[in-house]
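Here's the structure, in structure tokens; my notes come after.
Please treat every number below as a calculation from the coordinates, not as lab data. Note that the coordinates shown come from a computational prediction; the quantities given were computed from them, not determined experimentally. All Cβ positions, even for glycine, are placed from backbone atoms using ideal geometry, and neighbour counts span all protein chains on display.
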Amino acid sequence: MGLDIRLPIGIMFTFLGVTLTLYGLLTASSAETYRPSLGINMNLWWGLVLLGFGAVMLVLAGRGRKADASKTGPEDKK
Amino acid sequence: MQQIHLAWVDYVILLAYTGFVVGIGFALKRYMKTSADFLMSGRSIPAWVTGLAFISANLGALEVIGMAANGAKYGMMSCHFYWLGAIPAMIFLAVFMMPFYYGSKARSVPEYLKMRFDERVRCLNSISFAVMTMLTSGISMHVLADLLRQLLGWDYNICLWVCSAVVLVYVFKGGLTSAIYTEVLQFFMIVLGFAPVIYLGLKDLGGWSHVKDTLEQVARAPQGLNLATTNFPANAWTGAWSPLRTVAGNPMGVDWFGLTFGLGFVLAFGYWCTNFLVVQRAMAARNMSAARRTPIIAAAPKMFFPILVILPGMLAVALAFTAKDGYHLPTKPIDTAAFAQILPAVKNAAAQASDAETVCRQISPAAGVKFSPERIAALLKEIAAGPVSDEALRQRIQDAAENDYNNVMLSMLKRYCPAGLLGLALTALLASFMSGMAGNVTAFNTIWTYDLYQAYLAPNRGDDHYMWVGRATTVVGILISIACAYIAKQYGNIMDMVQLVFGFVNAPLFATFLLGMFWRRTTGHGAFFGLLGGTLTSALFHGLTLARGNTPGFIKGGWLAHLSGASPTLFPSEMAQNFWLACCAFSVCFLLTAGLSLATRRTKTDQELTGLVYSLTPKQKDSEQAWYLRPAVAGVFLLLVCLVLNLIFW
């Protein structure tokens, strides 16, 4: 199928990662917010993890696109 | 249930996800040119995508919630729903069955049955599947809307219609491909949304070895948490196999034979190898080797999923045992109106120093839940000692109600997630509900369009017509799902009912496929009447047996025996009853199909069966592929890894 799924996954998780990281930075001083997560600023750390995952997916999608463009694609039906 | 308030960041995450799935639908629209694109993804999806969709289609939200519930209720043994009840069947599908599904060019599982047997078998299978799919989809949407209502205080109707509308938009635009893509998205959402909770839970409890020690104490005295009424050996919640030596040694109430044959063989193979919802994902793969690799790729993460879905339940039990920060297992909510009857009854009982067991029996019908006699006894003593305020009394009675295992996952999310992370986890849950609905609707779409509409109602029309029907069925399918959700809302026990009937239909199915695929002598008559006989056997078995502690009835079973005045055969638990029901239905279907096939004349020649039956089909050549891509090699490797997991958590 024409759309590489890694692209939307990459964009979405990058977006979620940025959102969580920023929120984590904004609320970093609030001990009350992070009482449930044992005092760890999970938004910041987990946001960075999501950001990393999203970036990897975007890189893979980019490489897939280059590979697609260079080969004539005997396997691709479309 | 206590409501929670979402922060703005939670709403941003929820809306972003919804926006993305709708966007994917629109992006895929331009690739939907024929009915095959819409209903079968044009058979063009890479294996890793179909593989992840394969697990996600099964990992609906009901599964996520239900498995955490099992983790709390049965502990480590719940892992068998994955290790024993999924991995071997998935590998069998990849190595032995996929060549026939994919190679026969059948567009659906019922269509394969038509090629192999005849129209009757297809008709029976497609109608029962279509009905079940719609009911499942409706019930899961009902659970979602009800959950959002309880948790966030949103309106039930709005939740139901808005979520359905989102699913409608992206399936209508992108068909099966949309469903598969969002399932992959959901896979990552679930993994990345729940992982922090596991980490925090383990950290909070001081690591796995500490959790294990705590659970061993729980097993010796499970009454304290209202988990069971008898004591178990220390390993009951922490061992996967060791508690199975005796029926009385584990909370599931099963032995290793019932578990291995009932769950590991009959139910697992019946589900993973024949259910079109999951098989359709593999059938959408871009070529034969991708189709065969689909279940293999799915099996690899699948065997580690217990960490994500079962462990939270076990952590909740350990946490409740230590009562850290006042955590306790959630209990089934009692209606505020019911307290009007319960409060005077309890006060009265305390004044007369009644027996706690009697009180429980007295107040249960009004509350609609069972109570823990130990907790009620403690409460009675306290009231007798001095006055307790009505407010406190209400809380104490609520806490004495039976555990609401289905809320265990949510209670863990609430406990550990700060705003932000909570939005992520809730979105993961919402994603799995919606993609579950999308999966069911797309499977229903294909079955309706190809196996019912094209086969019986309007054959030989142009492809444009079927494309149009596929689109229209999406709308109709979603409307039926919504109708089913309202039925589920009206009749609370319809959920048990559907699971029951699902079991009846599912249990004998694998016998038909096994004989059909591996024995050329199997005939259409044999298959049809064998399947019918197997399903009736399930119903009969259910009517004659009962799990200990249940009252005979249409849902719990034993009503037939009750009707005729005999006492039903007792099983130690519902789980044991289910497993033996499956064994029985499978055996009857197997013997009946084989017997009738021998007694009736063959209707299909060897030539017609080429590509449909194992012995008449040229073997798949996968020696040209790299060794790690060969399904058999990868399959054996995964089975070994699974075996090691079983040994570690023996």
Rg and Dmax of chain A over Cα atoms: what are they, in angstrom? 17.9, 58
The long-range amide H neighbours of residue B:331, using H built 1.01 Å from N in the peptide plane and a cut-off of under 5 Å, are B:404
Indicate the gyration tensor shape class of segment B:458-545 (rounded, prolate or oblate), computed on the Cα atoms with a ≥ b ≥ c the square roots of the eigenvalues: a/c under 1.5 is rounded; otherwise a/b larger than b/c is prolate and the rest oblate. oblate
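Which whole number gives the average count of other chain Cβ atoms within 10 Å of the Cβ atoms across peptide B:45-57?
Working: counts 2, 5, 0, 2, 4, 0, 0, 1, 1, 0, 0, 0, 0.
For this peptide, the per-residue mean of nearby foreign Cβ atoms is 1.
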Taking loop as defined by DSSP and a crowding limit of 12 other beta carbons within 10 Å, which trypsin sites (Lys or Arg not before Pro) in segment B:486-535 fit? B:521
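Give the shape of segment B:339-402 as rounded, prolate or oblate, defined through the alpha-carbon gyration tensor: a ≥ b ≥ c are the square roots of its eigenvalues, a/c under 1.5 means rounded, and otherwise the shape is prolate if a/b is larger than b/c and oblate if not.
rounded
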Enter the Cα centre distance for the pair segment B:26-51 and segment B:582-619, rounded to the nearest angstrom. 33 Å
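Which ordering of B:11, B:199 is given by a fewest-first count of other beta-carbon atoms within 10 Å?
Details: B:11 11, B:199 17.
Starting with the residue having the fewest Cβ neighbours, the order is B:11, B:199.
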Which lysines, if any, have their Cα less than 22 Å from the Cα of residue B:29, not counting same-chain residues under 8 positions apart? A:77, A:78, B:173
Using each residue's phi in segment A:10-25, evaluate 6.51 cos²θ - 1.76 cosθ + 1.60 at θ = phi - 60° and report the 3J(HN,Hα) Karplus result to the nearest Hz, with x for Gly and Pro. x, 4, 5, 6, 4, 4, 4, x, 4, 4, 5, 4, 4, 4, x, 5
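Please state the shape class of segment B:495-618: rounded when a/c is under 1.5, otherwise prolate if a/b exceeds b/c and oblate if not, all from the C-alpha gyration tensor.
Working: a/c = 3.44, a/b = 2.60, b/c = 1.32.
It comes out prolate by the Cα gyration axes.
Return B:289, B:178, B:615, B:587 ranked ascending by Cβ neighbour count within 10 Å, so the fewest neighbours appear first.
Numbers: B:289 19, B:178 29, B:615 10, B:587 16.
The order, fewest Cβ neighbours first, is B:615, B:587, B:289, B:178.
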Express in whole angstrom the spacing between the alpha-carbon centres of segment B:333-412 and segment B:222-274. 30 Å
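Take every DSSP beta bridge whose two residues both sit in chain B, then give the antiparallel share in percent to the nearest 5.
On the way: 3 of 8 bridges.
Antiparallel bridges: around 40 percent, rounded to the nearest 5.
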Starting from segment B:540-647, pick out the GluC sites (Glu not before Pro) whose DSSP state is loop and whose Cβ has at most 11 other Cβ atoms within 10 Å. B:624
Enumerate the amide H contacts of residue B:86 below 5 Å, restricted to partners 5 or more residues apart or on another chain; note that Pro and chain-start residues carry no placed amide H. none
Exactly which trypsin sites (Lys or Arg not before Pro) in segment A:9-72 are in a DSSP loop and have at most 16 other Cβ atoms within 10 Å? A:71
Ordering B:553-562, A:23-32, B:537-546 by per-residue average of other C-beta atoms within 10 angstrom, highest first, gives B:537-546, B:553-562, A:23-32
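Size of the dipole of chain A about the Cα centre, Lys and Arg at +1 and Asp and Glu at -1 on the beta carbon, nothing else charged, in debye to 20?
Details: 8 positive and 5 negative charges, 53 e Å.
Computed about the Cα centre, the dipole is about 260 debye.
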Taking the number of other C-beta atoms within 10 Å as the exposure measure, put B:394, B:601 in order starting with the fewest. B:601, B:394
Simple spin-label estimate for residue B:614 and residue B:335 in nanometres, 7 Å along Cα-Cβ: 5.5 nm
Going by amide H atoms built from the backbone, whose H comes under 5 Å of the H on residue B:604, apart from near neighbours? none
Per-residue mean of C-beta atoms belonging to partner chains within 10 Å, peptide A:38-50: 4
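Treating only the Cβ of Lys, Arg, Asp and Glu as charged (+1, +1, -1, -1), what charge dipole size does chain B show about its Cα centre? Round to the nearest 20 debye.
Numbers: 46 positive and 33 negative charges, 324 e Å.
Here the size comes out at about 1560 debye.
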